[in-house]
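The structure appears below as structure tokens.
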Amino acid sequence: MRFANEKAVVDKSMAASFTSAPIVLDQVFGFSFHAVFTGSPVGTFLLQCSNDDVKLASQVSNWSDIGSSSKSITSAGNIFWNIDNAFYKWVRITYTAGAGSGVCNITFVSKGA
């Protein structure tokens, strides 16, 4: 069984919007993101996916929102997404800043064949 555990976002300022690098999901059954954030941020997280048939993350250009993954925040805390049956090739997480500030770290974990 393949297992991945990596930092998708490290010490990002939440005073501005950001997007993680694309993560390839070849032969992954499911994955999770765990976002932990400090300060007083106000904004929205969203997961996006792509099936672009490319080999390099830098070549992915077509993104779609993953239904029901949008989560709004208004203070420090943490959010967890657990996605089963991930039948797409690429995933990423975005944050759209609204107001406030803080620092965000996001861990990505997956399990597959």
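Nothing in this text is a laboratory measurement; each read-out follows from the coordinates by a stated rule. Treat the numbers as computed from the prediction; the structure is a model and nothing was measured. Neighbour counts run over all protein chains shown; Cβ positions are idealised from the backbone, glycine included.
List every residue pair whose Cβ atoms sit under 8 Å apart, with the two residues 6 or more apart in sequence or on different chains, where the first one lies in segment 16-29 and is buried (at least 19 other Cβ atoms within 10 Å of the Cβ) and the second, anywhere, is in a loop (DSSP other than H, G, I, E, B).
Here the result reads Pro22/Val60; Leu25/Ala86; Leu25/Tyr88; Leu25/Lys89; Val28/Ala86, each pair linking segment 16-29 to a residue that is in a loop (DSSP other than H, G, I, E, B).
If the requirement is being aliphatic (A, V, I, L, M), more than 11 Å from the chain's Cα centre (by Cα) and assigned to a strand (DSSP E or B), which of these qualifies: Val10, Val91?
Within the list Val10, Val91, the selection yields Val10.
Output the qualifying pairs, or none if there are none: Cβ atoms under 8 angstrom, residues six or more apart or on different chains, first residue in segment 49-60 and touching a residue at least 12 places away in the same chain (Cβ under 8 Å) and of a type in the set (Val, Ile, Thr), second residue surrounded by 12 or more Cβ atoms within 10 Å (Cβ to Cβ) and part of a strand (DSSP E or B).
Note: pairs meeting the criteria are Val60/Ser50; Val60/Trp90.
Among the listed residues Val36, Val42, Val28, Val10, which satisfies the condition of being within 22 Å of Gly112 (Cβ to Cβ) and not basic (Lys, Arg)?
Val28
Tell me which residues, restricted to segment 94-113, are part of a strand (DSSP E or B) and over 30 Å from Gly39 (Cβ atoms).
Hits for segment 94-113 are Lys111, Gly112.
Kindly provide the set of residues from segment 16-42 that are within 13 Å of Glu6 (Cβ to Cβ), among the hydrophobic types (A, V, I, L, M, F, W, C) and outside any strand (DSSP E or B), ordered by number.
Within segment 16-42, Ala21, Leu25 qualify.
Are any residues in segment 72-113 surrounded by fewer than 17 Cβ atoms within 10 Å (Cβ to Cβ) and of a type in the set (Phe, Trp, Tyr), and if so, which ones?
The answer is Phe80, Phe87, Tyr88.
Return the residues of segment 43-71 that are β-branched (Val, Ile, Thr) and either surrounded by 16 or more Cβ atoms within 10 Å (Cβ to Cβ) or in a loop (DSSP other than H, G, I, E, B) (or both); say none if nothing qualifies.
Val54, Val60, Ile66
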